[in-house]
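The values are calculated or read from the model by the stated rules, or taken from the named source; none is laboratory data. Computed from a prediction, not measured in an experiment: that's the story for all the values here. Ideal geometry is used to build each Cβ from the backbone, glycine not excepted, and the neighbour counts take in all protein chains shown.
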Amino acid sequence: MAKRGFRILDSDMHVIEPHDLWLESLEPRFRERAPRLAKSPVTGAFGWSCEGRMFPAHGDDPRRGALNKKRYDQRDPRFRRFDEAMARRFDAKAQLDAMDAEGIDVAVTFRTMASHVIANDEMEPDFAAALCRAFDRWLADRAAEAPERIKATAVLPLHDVALAVAEAEFAVRELGHVALVLPTNPVRGRPWYDAAYDPLWQSAVELGVPVCFHGIQAAYQEHVANRYLDNLMLMHAAAHPVEEMLALGGLLTGGVFDRFPKLRAAFLEASCGWVPWWLWRLDEEHEKLGHADRVQLSKRPSETFREHCFVACEPDEALARVIEAIGDDNLVISSDWPHDDSGWPHAMDRFLALEGLSDASRRKILWDNCARLYGLG
C-alpha cells in the first residue's frame, strides 16, 4: 500500500468482541457463566457482566458507572466515524476498511474485552482458561479471513501459570498467533519478575514470539486506577503508563532478561515519552543501590531495554526528544482503532506530519521495528 512511500505495520489494532462470542464459543460446561452484555442496576450503564461483576471493572460503582455511561454514549458525535464498522459489528471486513483508510498494510490485532473479563483475581483458573481458549479460537478464525494483513495475539489465563503456558503453546502452534498478551498490572499480587512466571518466559522464547504488555483501564485486581474511580481523566492518564512503567521496571530490575536472554517484550498503548526518564531513574537506582539488591544485574537497565524491549508511541507524540534520548530502534506505532480515544482515521497522517523526524526514523517506527518485534517479514 505504501502511504507516502512508507509501509505501515500497526503494532496494536483492536477488535470489539461480538456480544455472543462466549455464548456461542465457550465450552458447554461453562456456557451458562459466559460473559454477556448487561445493564448495571446501580448506574444504568451498559457493559459486560461475568461472575456477578461488571466490566470494564467497577462499572456498577456509582463513581465509575456514571462516567462510563457518559463516555460510551453512542449518540456522542465522536462515535459517528465508526458508524459503518459498527453496522458490521466490527468484523474483519470493517477492520480491513479501517486499515485502508489509514494506509496500514498489516495490523497485529489485540483483544478489547477479553482481557477485562478475566481481570478478576477471584476467578477460577479453569474458567479463565476456557474464556481465553474461546477468544483465541475466535480471533484466529477472524484473522484467517485476511491472513496476510491481520495477525492475531493470544490472551492467557495468568491465574495459573501452567494453564497460561498451555494456552500460549496452543495459540501459537495450533492457531498461528504472533504474540502473547499480558496485562500490565499484577495478577494475584505477583510481580512480573516472580520466578513463577519463568515457565511462561521460557515458553515465549521457545515459541519465538514476544510478550506484549497491554494495560486496561482498571481491574478487580491490584491496579493504580482503582484509586481514582471518580476521576476519569486522572484514572485513564495514569492507569496505562504508570502500570506499564512498573511492569517494565519489574522485568529490567528483576533479572528476567538475564535469565531469558532471547525474550522480547513490548509495552503498548501507553505512549513513550516517559521511557527516557524511567530508564535514567532505573540506571541511577542500579548505580547507587544495585550492589545491595537481591538480584545482581549483568548490565544497566537501559542497556537491557535497548536489547530486548519495544514501546509503542502515540501518533501525535513529540518523538524528536525521545529519539534524541534513546534512539529509534525500540519504538513502534499503533492506531488503536476502534477505541474512542484513538486518532483514527488520521493517526498516521499526524505521525507523518511530526517535526524533527528523519525518513529513516519514520521507516523504522512504521515498519522495521515492528517487523523485528513480531518476527514478521
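Here are some notes:
- Those residues of the stretch 217-241 which are in a loop (DSSP other than H, G, I, E, B) and of a type in the set (D, E, K, R), in sequence order: E222, D230
- Checking P261 against (1) part of a loop (DSSP other than H, G, I, E, B); (2) more than 15 Å from the chain's Cα centre (by Cα); (3) of a type outside the set (S, T, N, Q); (4) surrounded by 18 or more Cβ atoms within 10 Å (Cβ to Cβ), the condition it does not meet: (4)
- L246 being touching a strand residue (DSSP E or B) at 6+ places or on another chain (Cβ under 7 Å), outside any loop (DSSP other than H, G, I, E, B), under 25 Å from G327 (Cα atoms) and aliphatic (A, V, I, L, M): no
- Subset of the stretch 322-353 (residues that are touching a helix residue (DSSP H, G or I) at 6+ places or on another chain (Cβ under 9 Å), surrounded by fewer than 20 Cβ atoms within 10 Å (Cβ to Cβ) and closer than 21 Å to M1 by Cα): G343, P345, H346, D349, L352
- Verdict on L263 being touching a strand residue (DSSP E or B) at 6+ places or on another chain (Cβ under 8 Å) and closer than 15 Å to P157 by Cα: no
- For the stretch 35-58, the tally of residues that are within 13 Å of M113 (Cα to Cα), in a loop (DSSP other than H, G, I, E, B) and either aliphatic (A, V, I, L, M) or out of contact with any His (no Cβ under 7 Å at 6 or more places or on another chain) (or both) stands at 2.
- Candidate set: the stretch 88-104, residues that are aliphatic (A, V, I, L, M) and out of contact with any helix residue (DSSP H, G or I) (no Cβ under 8 Å at 6 or more places or on another chain); chosen: the one surrounded by the most Cβ atoms within 10 Å (Cβ to Cβ): M99
- For D83: the one exception among (1) charged (D, E, K, R); (2) touching a helix residue (DSSP H, G or I) at 6+ places or on another chain (Cβ under 9 Å); (3) over 23 Å from G215 (Cα atoms); (4) part of a helix (DSSP H, G or I): (2)
- One residue from A2, A107, A66, A85 being surrounded by 22 or more Cβ atoms within 10 Å (Cβ to Cβ) and either at pLDDT 95 or above or among the hydrophobic types (A, V, I, L, M, F, W, C) (or both): A107
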